[in-house]
Amino acid sequence: MLMQDSQPKYFLPEEPASDASPSRPIGLCVEIYQALKRRLEEQQITATISSKFLPIKRILKRVEQNPSELFCGAGRNAKREARFIYSKTVVYNVSNVVAAHRSFDKTVNGFEDIQNQQLTVGALYGTSSAGFVKKQVGVPVNDSFLNLETGLQAVANQRIPLFYYHDLGLNFLIKDWQLPLKVLPHKFRTVPQWIIYSKSIDPGLLRHIESALEGMEQDGEIKEIWRNYF
């Protein structure tokens, strides 16, 4: 079970505290992995969660080439469909939203409001989110930001009014970095995320994993995990 350097989907293990609970959640996908691992081990299937981060391109290559590896938190597109098997169970959904300064008092219920008020929208360079915003006719976009910290600081310093990203990341980062920002309630689009497997995964192993995920969905365990992050 592979890990990406993407928070709060994944955190590396913390040093155990002596008499206190962990200072932060352990990661959305890490919790999904742990629940899946427990269920597989009940079926005498050994599962291991990686203890290091890998870049997404390497993760995708490893999953594609190794039938015993999998990855939580993959979006779906035609190229990936050709390379991977997707889980039947959606492991979580992310919604694109905008962050604004705490003092922001305008109404934003869609791109039309942004266009009519000529509100510049910041976005992370090279991401699908930036590409989606740039397709919206008449919406001013600044996608020069190479990382989330500079983009969100631009909103915190009121150099731009809005920053467009997904709710999972924004909700965590605004709190973690203690920024004077808020996430506006309107969801521009919602994108399901899945677990992906190699096309050469053993069919029997695939059935066991899919059965475990289905059980997590049916008994509500997966929704309990979501509550820590959304």
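The values are calculated or read from the model by the stated rules, or taken from the named source; none is laboratory data. Since this is a predicted model, take the numbers as computed values, not measurements. With ideal geometry, Cβ positions are generated from the backbone for all residues, glycine too; neighbour counts draw on all protein chains shown. Please note that ligands, DNA and RNA were not included when accessible areas were found on the heavy atoms of the full protein model with its side chains. Shrake-Rupley method; radii C 1.70, N 1.55, O 1.52, S 1.80 Å.
General remarks:
- Segment 177-212 and segment 98-116 have their alpha-carbon centroids 27 Å apart.
- Between 0 and 90°, nearest 10: helix 167-176 axis offset from the chain longest Cα axis: 80
- Averaged per residue, segment 1-119 has 56 square angstrom of accessible surface, using a 1.4 angstrom probe with ligands and nucleic acids left out.
- Calculation over all alpha carbon pairs of segment 54-127 in 10 angstrom steps from 0 returns a P(r) of 13, 34, 22, 21, 9, 0 percent.
- Three semi-axes of the equivalent ellipsoid, segment 39-87, Cα gyration tensor, whole Å, largest first: 22, 14, 10
- The share of C-alpha pairs in segment 1-122 whose separation exceeds 27 Å stands at 39 percent.
- The Cα-based radius of gyration and maximum Cα-Cα distance (Dmax) for segment 108-230 are 18.5, 56 Å.
- Protection proxy ranking, highest mean first, for peptides 152-159, 173-180, 88-95: 88-95, 152-159, 173-180, where packing is the per-residue count of other beta-carbon atoms within 10 Å, averaged.
- Formal net charge of residues neighbouring Pro192 (Cβ-Cβ distance under 14 Å; K, R +1; D, E -1): +2
- Kirkwood hydrodynamic radius of the chain, Cα pairs, Å: 19.1
- Charged neighbours of Pro67, selected by a Cβ distance under 9 Å, balance to -1 (K, R count +1; D, E count -1).
- Neighbourhood charge, 12 Å Cβ-Cβ cut-off, centred on Ala82 and excluding it, Lys, Arg +1 and Asp, Glu -1: +3
- Rounded percent of accessible protein surface that carbon and sulfur make up, the chain, 1.4 Å probe: 47
- Residue (of Val133, Ser144, Val91) at the positive-pole extreme of segment 72-155, dipole from beta-carbon charges: Val91
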